[in-house]
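What follows is a short report on a single structure.
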Amino acid sequence: MSIAGIWHGEFKIEHPFLAGQRYKIKMPLSSLDFVCPVCKAQPQEKCTLNTGFPRFASHVERKWIAQDHNRKIELEEPPHSERK
């Protein structure tokens with residue numbers, strides 16, 4: 001473990017630099033990361049109207065699926081205050 005220094009104005013901040021260390025962070029997913037149950041739009045595609053034109057916003061049901069999934073992720077992760 002080496003110390004890397006960074007100059008910020010008049011102060012030098014030293015912090016440990018861990019080469020090659022990666023952190024796994026579960027990012028919240030957007031509504032576009034799920035298949036729409038109403039219009040069957042695939043992930044990363046916009047929802048469509050009955051006429052086949054894209055909607056300005058996703059269907060509410062698609063947004064609810066994303067919210068439920070993100071709540072499950074929050075419940076699985078322990079709070080940061082439980083560090084040793």
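Here are a few things to note about the model shown:
- Residue count, the stretch 69-82 (criterion: surrounded by 11 or more Cβ atoms within 10 Å (Cβ to Cβ) and either among the polar types (S, T, N, Q) or modelled with pLDDT of 90 or more (or both)): 1
- Hey, Ala19 modelled with pLDDT of 90 or more and either in a loop (DSSP other than H, G, I, E, B) or surrounded by 11 or more Cβ atoms within 10 Å (Cβ to Cβ) (or both) or not: no
- Residue match in the stretch 32-55 (condition: assigned to a helix (DSSP H, G or I), surrounded by 10 or more Cβ atoms within 10 Å (Cβ to Cβ) and either small (Gly, Ala, Ser) or modelled with pLDDT of 70 or more (or both)): yes
- Members of the stretch 56-67 that are loosely packed, with under 13 Cβ neighbours inside 10 Å and either in contact (Cβ under 8 Å) with a residue 12 or more places away in the chain or part of a loop (DSSP other than H, G, I, E, B) (or both): Phe56, Ala57
- Filtered by the rule that a residue be in contact with a Ser or Thr (Cβ under 7 Å, 6 or more places away or on another chain) and under 13 Å from Asp33 (Cα atoms), the stretch 44-69 gives Cys47, Ser58, Arg62, Lys63, Ala66.
The values are calculated or read from the model by the stated rules, or taken from the named source; none is laboratory data. Everything quoted here is computed from the prediction, not taken from an experiment. Cβ atoms come from the backbone with ideal geometry, glycine included; neighbour counts cover every protein chain shown.
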